[in-house]
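Engineer: Pasting in a structure now, in structure tokens, and then I'll have a few things to ask.
The values are calculated or read from the model by the stated rules, or taken from the named source; none is laboratory data. Everything quoted here is computed from the prediction, not taken from an experiment. Glycine gets a Cβ as well: all are built from the backbone with ideal geometry, and neighbour counts include every protein chain shown. Quick note on the areas: whole protein, heavy atoms, side chains included, nothing else; ligands and nucleic acids left out. Shrake-Rupley method; radii C 1.70, N 1.55, O 1.52, S 1.80 Å.
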Amino acid sequence: MSERTPNLFTPFRLGPYELRNRVVMAPMTRSRAGEGGVPTPLMAEYYTQRAGAGLIVSEGSQVSPQGVGYPGTPGIHTDAQVAGWRRVTDAVHAKGGRIFLQLWHVGRVSHPSLQPGGALPVAPSAIGAPGELYTGQGMKPFVTPRALETDEIAGIVEQYAEGARRAYVAGFDGVELHGANGYLIDQFLRDGTNHRTDRYGGSVENRARFLEEVTAAVVDVWGGERVGVRISPMGLVNGMSDTDPVATFGYAAYALNRFNLAYLHVSETIGEQERRSADGSFVVLGRAGAEPRVSPVLKAIFRGPFIANGGYDGQTGNAAIADRQADLVAFGVPFLANPDLPERLRADAPLNTPDRATFYGGDEHGYTDYPVLQTAGAA
Ligand code: PHB
């Protein structure tokens, strides 16, 4: 008997969970958290509208006051943040959804004006990101971060472990480590940002050590089957580069095998990659990604469930799953603009147009007011 060819709408067993489909909502920073990085009722509404996803991965949530890089991002290091997230997870669960929290430390992608005591942001090496960032007091050039001392790194790992414990209290179904897009874990992984000469720098084994230590600490809290890791091997945002991405990320995928993780999530932007500016405009950084994608190499190395992300639509998403290039497919911007994305993909229905001016910050406009299928076009 041959098994039915799977597609985006085939249920999937992810660790202890039976996901209703393979359409994952990708983590997306929306910068609408309240005072003190506390998730709001509006955020609960936003996620609940999207609970039809097989799995939601929350926007990145800083694991400590030091881990913050933008105004308006939620955290997972205070009791008030935990209580705010609890509203989100309860509401998503009431709709039968599943939601993982993304654990985030930005490393060098920050500024003294965002840091406790006006301190320098920390990073593997004292190498500043190029360009400017939005601080809430206008645009500021990135500063040169402070390189972490070897004996400080265990404390940073502990910040992730504490975030993982708080995510448990907040009612999440699991956690995803943000190892992508030029933030702290990615800064350790890639040789453009990691010039260390201790056991955390140099060889790919050494550059992957921080990722492995954080993964081990978080797996200690949750068990491997409820922990995912997200990477972006070819991504350019935040001034990232590596001399041999296939070797670097191939090794990382291999090293993660021993944790029996819930999944590896590979974000591959194919084509132009942009970063946002303060005024809501976007600056093109260059052409990211490789064609063909590098994810097949990583999929072949990694022995657990594989989430592909970046530029997929219903047709290419179904094909990726049918061809076993991915087990699940994560959608970012299409999910932002279409709360009922799985239903629309299944019906091959037209999609709402995303409004980039309202991606980051602001109120319910461009956040919870995208219409679902029945009402689309009815206004
Ligand atoms: C952003 O806020 O611009 C941002 C945040 C997290 C990412 C990528 C971009 O992973």
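Engineer: Given the Cα-Cα distance of residue 346 and residue 113 and 0.36 nm per residue of separation, how much length would full extension add, in nm?
Structural biologist: So the chain would gain 79.3 nm between residue 346 and residue 113.
Engineer: Also, quick follow-up: Would you compute, from DSSP H runs of 4+ residues alone, the mean residue ellipticity of the chain at 222 nm, taking -39500 (n - 2.57) per run and dividing by the full residue count, rounded to the nearest 500?
Structural biologist: -8000 deg cm²/dmol
Engineer: Between residue 374 and residue 154, with labels modelled 7 Å along Cα→Cβ, what's the label distance in nm to one decimal, could you check?
Structural biologist: The answer from the label model is 5.8 nm.
Engineer: Counting DSSP beta bridges in the range 151-265, what percent are antiparallel, to the nearest 5?
Structural biologist: Here the antiparallel bridges make up roughly 0 percent for the range 151-265.
Engineer: Further, regarding this structure: Could you compute how much accessible surface residue 45 exposes when probed at 1.4 Å, giving the result in Å² to the nearest 10?
Structural biologist: Counting only protein heavy atoms, the figure is 90 Å².
Engineer: Quick one: with all protein chains in place, what share of the accessible area of the range 152-257 is carbon or sulfur, to the nearest percent (1.4 Å probe)? Numbers along the way, then the final one.
Structural biologist: Numbers: 1610 of 3190 Å².
That share works out to 50 percent.
Engineer: A further question follows. Only bridges whose two residues both fall in the chain count here: according to DSSP, what percent of them are antiparallel, nearest 5?
Structural biologist: Taking every DSSP beta bridge within the chain, about 25 percent pair in antiparallel fashion.
Engineer: Pop out the ³J(HN,Hα) list for the range 138-149 in order, Karplus 6.51 cos²θ - 1.76 cosθ + 1.60 with θ = phi - 60°, rounded to Hz; leave Gly and Pro as x.
Structural biologist: Values, residue by residue: x, 7, 9, x, 4, 9, 6, x, 8, 6, 5, 6 Hz.
Engineer: Next up: So, for the range 12-333, what is the accessible surface per residue at a probe of 1.4 Å, expressed in square angstrom?
Structural biologist: Working: 11280 Å² over 322 residues.
Counting only protein heavy atoms, the per-residue value for the range 12-333 is 35 Å².
Engineer: If I take R0 = 30 Å and measure r between the Cβ atoms of residue 199 and residue 303 in this structure, what FRET efficiency does the formula 1/(1 + (r/R0)^6) give, to the nearest 0.05?
Structural biologist: With a Förster radius of 30 Å, E is 0.70.
Engineer: Here's another thing I want to ask about it. In the chain, which whole DSSP H runs stretch at least 20 Å along their own axis (Cα) and average 0.0 or higher on the Kyte-Doolittle scale?
Structural biologist: Span-like helices here: 153-169.
Engineer: Now a separate question. Leaving ligands, DNA and RNA out of it, work out the accessible area of residue 76 with a 1.4 Å probe and give it in Å² to the nearest 10.
Structural biologist: Accessible area, nearest 10 Å²: 0 Å².
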